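What follows is one structure encoded as structure tokens, with my remarks underneath.
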Amino acid sequence: MIPINRNLDPLERSGIRVFTNLAKATPDCRMLTIGEPDRPTPEPVKQAAFRSLSRDETHYAPNQGTASLRAAIAAFETARGRETAPEEVLVTVGATQALYTALTGILNPGDQVIIPTPAFSLYATIVTAAGAEPVFLDVSGTDFQITEEALSACLTESTRAIVLNSPCNPTGVILHKKSLDAVARAVLGKNIYLICDNVYNQLVYAPCGDLTRREELRPQTILCQSFSKPYAMTGWRVGYLVCPEELLSRLLLLSAAEIAAVPTFIQAAAETALTVDTEPMRQIYEKRRNYVCRRLDAMGLAYPKPEGAFYVFADISRFGIPSWTFCERMIREAGLAAVPGTCFGTEGYIRLSYCYSDRELEESLDRLEGFLKRLG
Ligand SMILES: Cc1ncc(COP(=O)(O)O)c(C=O)c1O
């Protein structure tokens, strides 16, 4: 092959897809692998897209997003506690593009980005592709919280950003005030950006603090948000980024080169999504979270308490099997797929998603229980 960008050499396929595909290729295999809502997109959202299409809104949208969606997002974020102007909003293709644009927009080769780990693998992928260096801050030994000592040990002259994801994929853990304060103290006034991936912050089962609301951190904070999870809109590919206007005007140039713009009828649907009450959806996930935790407790599996999102990160270290092998064997021997902890940078755990119906969950957890009993 003719040489390509060397930054791509270390990149690998997402393990989540690998295990989902393996499960699909195995007859009668159940899955707890997928991190997307099993509910349909709310009807009013679909109707808004139909109406927009029937108005022939099928041409290029403004690069930054339509004025009316940006105004709605600004009002939404202001109501949630970050005073936001429409000029500070960039509409993106999901949080994925928001994260890509934010990180590639701020990083230079050799810069370092601190990623509390376990973490969603996308962060390290983007940082690596940008020719920068991911620095993994292992939080598995500190109740999945960030301590001042551990964070200081990762900080160098080259640190350009810290990524925060609370509630977290894959653990569901919410960062406590102490963790947030430690991060705030470490970055305040320094040339370090705070990338807040808040895609799960409407699906929470306990109070959830948020550094995007701290006025003093505003100049260095970039919020990445998505319509995917709270509104069951993963396939619509729409999200947004919020940051100070001066920075946004630079990131906008990058986004325009990446995608030109998000389709207008998708933006019309997203605007309607912001009027949808997510509470019923949240309650369904909370009920499932309680059920899964009860079942794991009965099996004697430990896990950090999931207070948001729709995952449980179960500790399988006592079986002495690498998580990848554990998950391969569980598919073969029990007909159940989960995601190995190593896909998130942490060995000794598996991620179970509860984006599944009550019946699916019951059957899957029965299989997990049977598998654990056979392992002994
Ligand atoms: C933590 C986290 N951030 C970002 C994303 C990407 O979301 P989107 O569908 O908006 O691109 C996901 C998707 O699973 C995620 O779990």
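Computed from the coordinates by the stated procedures, all read-outs in this text should not be read as laboratory data. Just so it is clear, the structure is predicted and the values come from calculations on it, not from any experiment. Using ideal geometry, Cβ is built from the backbone for each residue, glycine included, and neighbour counts are taken over all protein chains shown.
Near Ile114, the amide H atoms lying under 5 Å from its own belong to Val135, Arg160, Ala161, Ile162, Val163; only residues 5 or more places off or on other chains count, and H is placed 1.01 Å from N. Modelled spin-label separation between Asp366 and Asp277, with each label point placed 7 Å from Cα along the Cα-to-Cβ direction: 3.5 nm. Sorted ascending by nearby beta carbons within 10 Å, beginning with the fewest, Lys305, Lys229 become Lys305, Lys229. Between Lys24 and Arg51, the simple label model (points 7 Å from Cα in the Cβ direction) yields a spacing of 3.5 nm.
Taking only the alpha carbons of the chain, we obtain Rg and Dmax values of 20.6, 62 Å in that order. The base-10 log of I(q)/I(0) for segment 235-290, evaluated at q = 0.20, 0.27 Å⁻¹, reads -0.88, -1.10 [Debye formula, identical scatterers on Cα atoms, solvent excluded].
When both segment 243-280 and segment 25-46 are represented by their alpha-carbon centers, they are found 24 Å apart.
Here the extension length gained between Glu328 and Arg39 equals 101.3 nm, from 0.36 nm per residue of separation less the Cα-Cα distance. Can you work out the FRET efficiency for the pair Ala67 and Glu245, with r the C-beta to C-beta distance and R0 = 22 Å, to the nearest 0.05? Computed FRET efficiency for Ala67 and Glu245 comes out at 0.90. Rounding to the nearest 10 and keeping the result within 0 to 90°, find how far the Cα-based axis of helix 15-24 lies from the longest principal axis of the chain. Value to nearest ten degrees: 60.
Taking a label point 7 Å from the Cα of Leu8 along the Cα→Cβ vector, which residues of segment 122-166 have an amide N closer than 14 Å to it? Label zone hits: 126, 129-131. A simple rule links phi to the HN-Hα coupling: the Karplus curve 6.51 cos²θ - 1.76 cosθ + 1.60 with θ = phi - 60°, which for segment 280-294 gives x, 5, 4, 5, 4, 5, 5, 4, 5, 4, 4, 5, 4, 5, 4 Hz, with x for Gly and Pro.
The mean sequence distance of close C-alpha pairs (under 8 Å, at least 6 residues apart), as a share of the length of the chain, puts its relative contact order at 25 percent. DSSP finds beta bridges in the chain, and of those with both partners inside it, around 45 percent are antiparallel.
Take every Cα pair under 8 Å whose residues are at least 6 apart in sequence, average their separation, divide by the length of segment 11-134, and the relative contact order is 17 percent. In vacuum, with every alpha carbon of segment 163-270 counted as one equal point scatterer, what does the Debye formula give for log10 I(q)/I(0) at q = 0.17 Å⁻¹? Two decimals, please. Scattering profile of segment 163-270, log10 relative to I(0): -0.91. Only Cα sites of segment 252-376 enter the Debye sum here, all with the same form factor; the resulting log10 I(q)/I(0) across q = 0.10 1/Å is -0.45, listed in q order.
Across segment 84-153, C-alpha contacts under 8 Å between residues 6 or more apart give a mean separation that, scaled by the residue count, equals a relative contact order of 28 percent.
Ordering 181-189, 268-276 by mean Cβ neighbour count within 10 Å, with the highest value first, yields 268-276, 181-189.
A P(r) calculated from all alpha carbon pairs of segment 49-90, with 10 Å bins opening at zero, reads 29, 40, 26, 5 percent.
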